[in-house]
Amino acid sequence: MTTGLRNGTWRRVRLAALLMLASTGAWPVAAADPPPFAMNEEVRTEVRAMRGIALAPDGRSVLAAITETTANGGLPHLWLLAPGAAPRQLTFRTGERGESEGRFLPDGSILFLATRDGARALYRLPTAGGEPDQFKLGKAGTALTARWNGAAMKDALPVSGYAVSPDGRTIALWAEDPETAEVKARRERKDDGYAHDIPDHRTHLYLVDTATGAARAVPVGGVFSTVDWSFDGADLVVATDPDSDETGPDARFWRIDPATLAVSPIDVPRTAKGVAFLPGRNRLVYTDQCADDAPPRCNDLIVKDLGNGQVKNLTRGFDGEIPGDYEILPDGDLLMAIGVHTRTRLARMSTRTGAVSWIETGQPVAFAPATNARQSGWAFLTAGPTQPTTAMLLPRLNAKPVALAAPALVPARWPKVPSHLISWQNEGLTIEGLLYLPTIAPGKKAPLVVSIHGGPAGRFQDGYDNLVQMLVAEGWAVFQPNIRGSTGYGAKFTAANKNDMGGADYRDVMTGVDAVLKSHPLDASRMALIGYSYGGEMAGFVVGKTDRFKAIVSGAPVINQFSEYGTEDGSFYDRWYYGKPWINFADAWRQSPLSTVATAKTPFLLLQGDKDVTDPLGQSLEMYRALKQTHVPVALVVYPREGHGETGGNFRAMVSQEPWHGVDLRRRMFGFLRAAFAGEPDPLAAARKDVP
């Protein structure tokens, strides 16, 4: 499903606009801003990303995956971060796609995944440094060949992932079966027709002796999905899921004894996730689909007593977003990052009562908590509107966190504009949003860019946002509403747009716009709306329901629920919102932006990756044709080789492995917005130019 809002005929809604600002005082001034669009090139040459952290066995340093800049390839490499020390790069292009999934072993050596010659493999970097060892696993029938380093191994199995036991002696590794001789022969002679939805390869689980490399196959049936070691290393919990889309989640969970490889089923719902034994081993904890009606991936936290079979839902009605992963503490409590409105906070939750105690981190967004086997310290990431993502270290959960030096993720000279929390009422709900303001001279008003998040079960967080900083540097205000259907506000709020996409959520957007226009010096005659995925879909609704905006940008939208449902990669998520379209025909059409395109007027820019299987290219092509034949100014820009995430990252001014697509996308989008705000007769002219 794309992130977009739908438009219905605009009706002005009487509302009590209750406005709450997170900070007071004069409008923020971004000091020493660079020339506005120098920032576009700087995204390519100076922006990096931090993707995943792990805590060292002594609790004194952190392993972080940090990307190169887009200009240098955008690949992730492993860095060591420590208090009072300069960051140290540990890996340098081990593979064709960089290095990821870094984890420490108890002796301080490091495991990671990298791809060489098109095959992903597990590597071990010695404590003293030097060249990493490669783990090689081969399979012929049921016979396994496994070793660290040594001679090249023909047809070594490509590794999908791994998990290390708490004592570091065993690695649970999952890898794809080799291509059979028959399949290889068919492929080479181009006799390669295939049955849809029937995979050629299966992924299987192996237990590897960390010291010797000896491997044993785990006899788990079904399609292997996930694996987690228990807190004490006594067993593994494995999930298999034969089909999670056409028929919905259907997972089966198994307990694996690592000594004997004995497999026994675990009695939990097939919609469960994150199944784990708690200390004492007489209780299970897991997440399950929310008890209240809500979209897929809405979680409640469940504890099951293995003695009497009693199940307790700890979080029904919780005002926030329960994550699917957590750390188990020695007393049975859980440490997790919980989304609460525009914040994400670290929290300790009791598995007896569900009581939550919050852990102060100094920033509104804290996420990715990590620890070691002894829990001798903690690491996590933080961010705020004026602070890019930063790795933090905690010697104890109640200690003051220490920021760790790392390579700069954005140029130090970039603006750091504070946010304002806005709140308003619409149709029985309190809606929140974040507002960012440029320097506004007395008596003047700033143009307004309204940005819509993806999902629709997504949300804006009060973290550092590269795209926001670029928009504000242009002199434009940015408004990010968390409309009904957003996560972080409880299951009922997330479910409030069921069978109503483009209805009340659209009106949440417009009443929010009215609220910020009333309370801040913003120019109602110079407004634009942008969005990606469901944000792009909402852009499609908006263009058919109002002409209040001068420009609309729609990235990877859903335009037609019928064709989207039949051609997207997975339809189970969409099914919750409006059911099966061939049964609920009227509902699916009413919630398709295409249904109101005949009344569109506003110039419309579509941005699309041609390899997108989440919201396929055909959706943008349908919208382009409909607007073109309705005589609405429209442009469609397509990016080769890019899927949903790649184009979305370029839209949000993030690092990319495509050297120029991000620069091109933002050049066209910003050129369109500038021209529209300037009142030019053809504001899409710049967006249509392939050569600037």
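We did not get these values from a lab; they are worked out from the coordinates using the rules stated. Note that the structure is a prediction, hence the values are computed from the model and not measured. A quick note on method: Cβ atoms are made from the backbone with ideal geometry, for glycine too, and the neighbour counts reach across all protein chains shown.
The table for this structure:
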| item | result |
| --- | --- |
| Relative contact order of region 500-549, defined on C-alpha pairs under 8 angstrom at six or more residues apart (%) | 38 |
| Set of aspartates and glutamates near Lys139 by C-alpha distance (under 19 Å), chain-local residues within fewer than 8 positions excluded | Asp117, Asp155, Glu176, Asp177, Glu179, Glu182, Asp200, Asp209 |
| Long-range amide H partners of Ser61 with built H, under 5 Å | Ala56 |
| Karplus 3J(HN,Hα) series, Hz, for region 141-153 with 6.51 cos²θ - 1.76 cosθ + 1.60 (x for Gly, Pro) | x, 9, 7, 10, 10, 9, 6, 8, 6, x, 5, 4, 10 |
| For region 419-495: relative contact order, % (alpha-carbon pairs under 8 angstrom, 6 or more apart) | 34 |
| Considering only the chain, percent of DSSP beta bridges that pair antiparallel, nearest 5 | 80 |
| For peptides 189-197, 656-664, sequence by mean Cβ density within 10 Å, most packed first | 656-664, 189-197 |
| Using θ = phi - 60° and Karplus 6.51 cos²θ - 1.76 cosθ + 1.60, couplings along region 253-267 (whole Hz; Gly, Pro as x) | 10, 9, 9, 10, 7, x, 7, 9, 6, 5, 10, 9, x, 10, 8 |
| Among 575-588, 485-498, the order from most to least packed when residues are scored by Cβ within 10 Å on average | 485-498, 575-588 |
| Built amide H within the under 5 Å cut-off of His77, gap 5+ | Ile66, Thr67, Glu68, Glu99 |
| Percentage relative contact order, the chain, counting C-alpha pairs under 8 Å, at least six apart | 16 |
| Nearest-ten-degree value, helix 534-545 long axis tilted from longest Cα axis of the chain | 20 |
| Nonlocal amide H pairs with Gly555, under 5 Å, H built at 1.01 Å | Gly531, Tyr532, Ser533, Gly536, Leu607 |
| Region 592-656: C-alpha gyration tensor shape, a/c 1.5 cut-off, then a/b vs b/c | prolate |
| Across Lys184/Lys611; Lys445/Lys545; Lys492/Lys601, pairs whose alpha-carbon gap is larger than 29 Å | Lys492/Lys601 |
| GluC sites (Glu not before Pro) within region 330-435: DSSP coil, no more than 11 neighbouring Cβ in 10 Å | Glu360 |
| Helix-derived mean residue ellipticity, 222 nm - over the chain, DSSP H n ≥ 4, -39500 (n - 2.57), to 500 | -5000 deg cm²/dmol |
| Karplus 3J(HN,Hα) series, Hz, for region 321-330 with 6.51 cos²θ - 1.76 cosθ + 1.60 (x for Gly, Pro) | 10, 7, x, x, 9, 6, 9, 8, 8, x |
| Under 13 Å from the Cα of Lys689 - aspartates and glutamates, other chains or at least 8 residues apart | Asp664 |
| Scaled radius of gyration (Cα, divided by 2.2 N^0.38 Å) that region 286-332 gives | 1.22 |
| Projected area, mean over directions - the chain, Cα convex hull, nm² | 31.1 |
